[in-house]
1. List the pairs whose first member sits in the range 106-125 and is over 30 Å from N156 (Cβ atoms), whose second member is of a type in the set (D, E) and in a loop (DSSP other than H, G, I, E, B), and whose Cβ atoms are under 7 Å apart, counting only residues at least 6 apart or on separate chains?
2. What number of residues within the range 43-82 satisfy the criterion of being among the aromatic types (F, W, Y), more than 23 Å from E105 (Cα to Cα) and surrounded by fewer than 15 Cβ atoms within 10 Å (Cβ to Cβ)?
3. I'd like the full set of residues that are assigned to a loop (DSSP other than H, G, I, E, B) and either more than 16 Å from A127 (Cβ to Cβ) or of a type in the set (D, E) (or both), limited to the range 50-64.
4. Restricting the search to the range 47-97, which residues are closer than 23 Å to P113 by Cβ, among the aliphatic types (A, V, I, L, M) and touching a residue at least 12 places away in the same chain (Cβ under 8 Å)?
5. Return the residues of the range 119-149 that are at pLDDT below 75 and acidic (D, E); say none if nothing qualifies.
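The values are calculated or read from the model by the stated rules, or taken from the named source; none is laboratory data. All values reported here derive from a predicted model rather than from experimental measurement. Note that each Cβ is placed from the backbone with ideal geometry, even for glycine, and that neighbours are counted across all protein chains shown.
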Amino acid sequence: MATPSTPKRKRPAESSNGEEDGNPSPRKTRAPRGTPTKAEERKAVAAAKAERKEAWALWCSQNVWEPNPAYRQRVGSIEMHRTDAMKYYCLTAEEMATLPYFSFENDNHEQAPPGKSYAVAGLEKLAHRKFAMLNIGHPPDASSATEAQFLRDGKNLFDDHINKLNERSKSPRRKKTWRVIRVPIQRLP
């Protein structure tokens with residue numbers, strides 16, 4: 001017993017321009033939307049982020065600190081060494097180059113390059129500026145009041161970032177700081 005089969009239909013021949021025998025293509029084209037798609041929104045956000053990142057890199061390159069061998073931290077100020085500061089404040093070498101530092105000899109390793117010590121107040125201000133510029137945009141140009149608000153917003157963003165990192169980590173981040181003290185000079189006879 002043979003099973004009945006459906007007869008196969010022949011497809012109409014297509015012309016070279018994608019039309020079937022003079023009829024327009026059955027595929028419908030969508031009219032442009034009034035609102036952007038998710039992909040377009042992501043591209044716009046990425047472009048804005050890249051622009052803010054470029055502005056931050058430009059700011060860092062324009063504000064490089066010229067090393068001064070006579071520079072010293074104030075007595076009583078709190079300082080932090082370079083690697084600890086870079087790790088805690090999420091800063092790069094280019095960003096650290098904008099801050100004044102005190103250079104010291106590394107007594108533990110003779111062939112190591114000299115260490116660098118930075119004031120914590122300057123590190124915090126730089127980190128707050130970085131987070132504000134990368135998340136909000138360009139700093140205000142007008143008055144110091146708007147600059148202060150800009151840095152406060154950056155502080156809030158930085159604190160949120162550190163809190164998120166501490167929540168994910170088993171051991172929370174700690175600042176390794178030292179207080180600058182005056183050491184009396186001992187004169188040899």
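1. From the range 106-125, the pairs are P114/E105.
2. Step one: list which residues in the range 43-82 are among the aromatic types (F, W, Y), which gives 56, 59, 65, 71.
This time we only want the ones that are more than 23 Å from E105 (Cα to Cα), so: 56, 59.
Adding the requirement that they be surrounded by fewer than 15 Cβ atoms within 10 Å (Cβ to Cβ) leaves none.
Looking only at that region, the number is 0.
3. Of everything in the range 50-64, just one residue is assigned to a loop (DSSP other than H, G, I, E, B) and either more than 16 Å from A127 (Cβ to Cβ) or of a type in the set (D, E) (or both), namely V64.
4. V64, M80, A85, L91, M96, A97
5. Of the residues in the range 119-149, the ones at pLDDT below 75 are 138-145.
If the condition is that a residue be at pLDDT below 75 and acidic (D, E), then D141 is the only one that fits.
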